[in-house]
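K.L.:
Sharing a structure here in structure tokens format.
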Amino acid sequence: MSRRLITALALSIIAFTAAAQDYPTKPIKLIVPFPPAGGTDIMSRVVAQKLTEANKWTVVVDNRPGAGGNIGVDAASKSPPDGYTIVMGQTSNLAINPTLYKDIPYDPMKDLVPVVLVGEGPIAIAVRNDSPMKTLADLVAAAKAKPGAITMASPGSGTVAHLSGVRLMQAANVKFEHIPYKGASAAIPDLLGGNVDFYVSSVPSVQAQVAAGRMRILAVTSKRRSPIFPDVPTVSETYKGFDAVTWFGILAPAKTPAPVIAKLNAEINKALQDPNVRKSIEKEGGEVIGGTAQQFADLMKHDLAAWAVVVKASGAKVD
């Protein structure tokens, strides 16, 4: 390597380090690839507000919904890699959509760099309160007694909820009849009306109905019990190793300087330790995770491969 090249590299490293020390010198845009008021949006705003309060940064939330989150993630992946555009990605648009969609405009492993895993939330397996199925074992037994006759509602084909149901079928060696809906607002009335047998969706989407005594959760799909419903067992208590969750994490465009990623990671991890931040995320059915950028990268790589197998098994596809 020539002396000129060594000098150039050294100057680049010094410049990157200096940039990280001064960073940020202008507002940071946090893209949320879903509409306002949803779980991803609420979690993003909680983190953005804490970063603003604690560090005097200006973090602006920018909602870019559409195509299952693909539009917002794509916009982030094509932004300048300077740390001033980041995105709150999740399981669906980072680990499922690359297999679910025929054409996707970004590669999550090449076009983005993980910053930090913010949190995760389980899927609830719920029935109406007067259902004869009182436990997960009852549900599985009913499905084995009448293969394909037990109907499973979900908020949409190819969603984390639907695919968590597919994973349950694989673990229990049973067959459910999948009935996809366009969100919880359509699925829950049909469940309560007796038109479907059970519903798989996020914990917050069924929380009000459970509190009102109209629905009952048989199990949650995370490795640990939900902080909202600590008495509800996990699927893994019956089927060891079962783990199917929606996780949320912040990423930046590929080639964003490593010192900037490190600074973002450190400050977001600090924000996640704040009791009010943790309480807000737990209220949305989530569990705060945090950790290193590498841990998030490892999770993405693992889940991209794991969910690809489930998507293919489900037959779900979006053109």
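Here, each number is a calculation from the coordinates, and none is a lab measurement. What you see is a predicted model, and the numbers here were worked out from it, not measured in a lab. Positions of Cβ are generated from backbone atoms using ideal geometry, with glycine treated the same way; all protein chains shown enter the neighbour counts.
K.L.:
Sort the following peptides by mean Cβ neighbour count (other Cβ atoms within 10 Å, averaged over residues), highest first: 44-56, 100-112.
P.N.:
44-56, 100-112
K.L.:
Okay, next question. What net charge is computed for the residues neighbouring Y23, neighbours being all others with C-beta under 12 Å from the C-beta of Y23, Lys and Arg scored +1, Asp and Glu -1?
P.N.:
The answer is -1.
K.L.:
What are the ³J(HN,Hα) couplings of the stretch 135-147, residue after residue, when phi is run through the Karplus curve with 6.51, -1.76, 1.60 and θ = phi - 60°? Round to Hz, x for glycine and proline.
P.N.:
9, 4, 4, 4, 4, 5, 4, 5, 5, 6, 6, 9, x
K.L.:
Using the eigenvalues of the Cα gyration tensor, what equivalent ellipsoid semi-axes result for the stretch 122-237 when each is taken as the square root of five times the eigenvalue, whole Å, largest first?
P.N.:
They are 18, 16, 14 Å, listed from largest to smallest.
K.L.:
Let me ask something else about it. List, in the order given, every pair from K279/K317; K182/K283; K50/K317; K175/K279; K56/K301 whose Cα-Cα distance in the structure shown is over 32 Å.
P.N.:
K279/K317; K50/K317; K175/K279; K56/K301
K.L.:
Still on this model: Quick one: of the DSSP bridges fully inside the stretch 122-237, what percent are antiparallel, nearest 5?
P.N.:
Roughly 55 percent of the beta bridges in the stretch 122-237 run antiparallel, per DSSP.
K.L.:
List the aspartates and glutamates whose Cα lies under 12 Å from the Cα of K26, skipping any in the same chain that are fewer than 8 positions away.
P.N.:
D82
K.L.:
A further question follows. Check I28: other-chain or 5+ apart residues with amide H under 5 Å from its amide H, H built from backbone geometry?
P.N.:
T58, V59, V60
K.L.:
Which residue fluctuates most in the GNM of the chain (Cα springs below 10 Å): N173, N129, N97?
P.N.:
Of N173, N129, N97, the Gaussian network model singles out N173 as fluctuating most.
K.L.:
Which of S92, S185, S205 moves most in a GNM of the chain, Cα contacts under 10 Å?
P.N.:
S185
K.L.:
Consider a paramagnetic label point 7 Å from the Cα of Q21 along Cα→Cβ; state which residues of the stretch 219-259 have an amide N under 17 Å from it.
P.N.:
Answer for the stretch 219-259: 258-259.
K.L.:
May I pose another question? Cα-based Rg (one decimal) and Dmax (whole number) for the chain, in Å?
P.N.:
For the chain, the Cα radius of gyration and maximum Cα-Cα distance read 21.1, 78 Å.
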